[in-house]
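Take a look at the structure below.
The values are calculated or read from the model by the stated rules, or taken from the named source; none is laboratory data. Predicted, not measured: the structure shown is a model, and the values here were computed from it. All Cβ positions, glycine included, derive from the backbone under ideal geometry; neighbour counts span all protein chains shown.
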Amino acid sequence: MQLTELKSAIQVAAKKLFDTDIEPELNRPDEQFGDYATNVALQLAKKAAKAPAEIARGLIEELKTTPGIEQVSSAGPGFINFKLTDEALGKMALTATDLPKLSAGQEVLVEFGDPNPFKEMHIGHLYSYIVGDSISKILKVAGAEVKQLSYHGDVGLQVAKAIYGMQKLEADKPAEDFLGAAYAYGSKMYEDDQAAKAEIEAINQHVYAQDDPVINKLYAQGREQSFNNFDKILNLLSISTDKRYLESQTAEPGKELVEKNVGKVFKQSQGAIIFEGEKLGLHTRVFITSKGLPTYETKDLGLVILKDKDYPSASRSIVITANEQSEYFKVMLAALAEIDADLAKITTHLSHGFLSLSSGKMNSREGNVYAAMDLLLAVKAAVHEQYPDSPVRKDMTFAAVKYAFLKHRLGSDIIFDIKESISLDGNSGPYLQYAHARASSILAKDEAKDSQPTDMKFDANERSLARKISEYPEVVEKSINELMPHHIANYLYELAQAFNRFYETSRIIGDERAVLRLQLVKAYQQVLANGLDILNITAPDRM
């Protein structure tokens, strides 16, 4: 019996007994109380004008003969517990990876990552890429056609600072290092030297105007090298994007949209064009400056227009950024809602927290932030030192980083600890990889590969494992509905712990119950592999 089937049975019973339509709320109680619990009697009390206890008694009597249910019992005033039959629970466990396509036929845009060219990709971008990729995979599991997008600030003062540094420094470093050093040098000179500041501001004007061949050439070289550097990291992480949007592309359509809506959505103020956010409990923000330049808000409106032009069939557009941009996005989306309510309705902004290191170190080489590549190299070095003979050290490195990010609820701040992230004894990516390898090793010893159990009668340890495996579709559905990968990450850790308890008490190979137990191990391995895939973590057969 699937969760949907139990909900349906409760709905039918409620309609029959109380002539009331209801969407029952079900959860997983502690195992000692059953497999599911509901407060449906409390939900029905007002509609049915009856006491919750009376409603619960009626439902229990009506549902106790439902196929797949072994026991229905009261759990306090208005609460009902359900225990499934072993056969029903076993079927759920063995088919746990057969997930419904809840978003079939939908096209969904997911924008994430967004590092700016001429600067190094830092660990905040790394976090955004890993989270965005996992959310994309969650939506793909739901059957959606997902387009993975990114948006990059390829114009602005940071570009001018980098080009200034490129002009002044000799390129005696590897290409992937030089841009970061050039930007750091330009940033320092901009703050410390007035003549340099004036030169950088002049370069900035040339970048926008594209009227200086020397600067144009440096700009083109720097932008190309930046994206090559980004792609190098993304290829290592097995993350891809379908399309990149550039800030230089969004300024004009955004500016045109704002100017067209002056007097309706925006207003003139001291030569600038603003959106009065106070009327909605938000901040008032400038969209076009008194000098006629579009701000980030206007460029983001332009990005919305470009996305809609490229993907007119999209039913949803998700944008993932750091928490600090939350208030900014509220204003931008409020303005968009007054311009095009439909586009605003399908747009969702998700924010992630701040990522820091347990060492406290946040500076990397010449820059002022910790570079993504430096973190990956530090984790790689730790993995190689601790597991020098492992054939999957590369996979362990990326599993350590990805899982350490994804196990936290999106929006919360993260303190990344390298030692903790690579441990085989704790809540880590390599621990889950080891759990999968262990299950693979057991299955490799199975001589009767496809034998099926003649009956599905569990002992207590088998039932506990089957129950945990059976939760997988519900966890995935929750992750889909909330766009929260941490639900899957935390479930996989709990699943691995449940299997360890089972393994400690239950002999598998050579036992008289081997056929049944091997089927549970196979279902466990499949769920673990599928869940790790959603997190974009490999599931090795040996460690």
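Structural remarks
- Wholly enclosed strands (runs of 3 or more DSSP E) of the range 203-298 bearing at least 3 residues under 30 Å from residue 533 (Cα atoms): 243-246
- The one condition in (1) in contact with a Phe, Trp or Tyr (Cβ under 8 Å, 6 or more places away or on another chain); (2) within 30 Å of residue 532 (Cα to Cα) that residue 196 fails to fulfil: (2)
- Verdict on residue 503 being in a helix (DSSP H, G or I), over 24 Å from residue 3 (Cβ atoms), over 13 Å from the mean Cα position of the chain (by Cα) and of a type in the set (Phe, Trp, Tyr): yes
- Subset tally (residues that are of a type in the set (Phe, Trp, Tyr) and more than 16 Å from residue 297 (Cβ to Cβ)) for the range 150-164: 1
For every residue, the table says whether it meets (1) within 16 Å of residue 125 (Cβ to Cβ); (2) not in a helix (DSSP H, G or I).
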| residue | (1), (2) |
| --- | --- |
| 335 | no, no |
| 343 | no, no |
| 349 | no, yes |
| 356 | yes, yes |
| 359 | no, yes |
| 369 | yes, yes |
| 382 | no, no |
| 402 | yes, no |
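- Identity of the residue in the range 297-325, buried (at least 18 other Cβ atoms within 10 Å of the Cβ) and more than 16 Å from residue 343 (Cα to Cα), that ends up nearest to the chain's Cα centre (by Cα): 320
Listed here are the residues, each with its yes/no results for (1) over 27 Å from residue 351 (Cβ atoms); (2) crowded, with 24+ Cβ neighbours inside 10 Å; (3) under 22 Å from the mean Cα position of the chain (by Cα).
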{"residue": "80", "(1), (2), (3)": "yes, yes, no"}
{"residue": "88", "(1), (2), (3)": "yes, no, no"}
{"residue": "91", "(1), (2), (3)": "yes, no, no"}
{"residue": "99", "(1), (2), (3)": "yes, no, yes"}
{"residue": "112", "(1), (2), (3)": "no, yes, yes"}
{"residue": "143", "(1), (2), (3)": "no, no, yes"}
{"residue": "153", "(1), (2), (3)": "no, no, no"}
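- The lone criterion from (1) of a type in the set (Gly, Ala, Ser); (2) closer than 30 Å to residue 310 by Cα; (3) modelled with pLDDT under 95; (4) in contact with a strand residue (DSSP E or B) (Cβ under 7 Å, 6 or more places away or on another chain) left unmet by residue 254 is number (3).
A quick yes/no check of all residues on (1) within 30 Å of residue 101 (Cβ to Cβ); (2) free of Cβ contacts under 8 Å to residues at least 12 places away in the same chain; (3) of a type in the set (Gly, Ala, Ser):
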| site | (1), (2), (3) |
| --- | --- |
| 6 | yes, no, no |
| 27 | yes, yes, no |
| 33 | no, no, no |
| 36 | yes, no, no |
| 39 | yes, no, no |
| 43 | yes, no, no |
| 48 | no, no, yes |
| 53 | no, no, yes |
| 60 | no, no, no |
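- Which listed residue is over 31 Å from the mean Cα position of the chain (by Cα) and assigned to a loop (DSSP other than H, G, I, E, B), from 120, 170: 170
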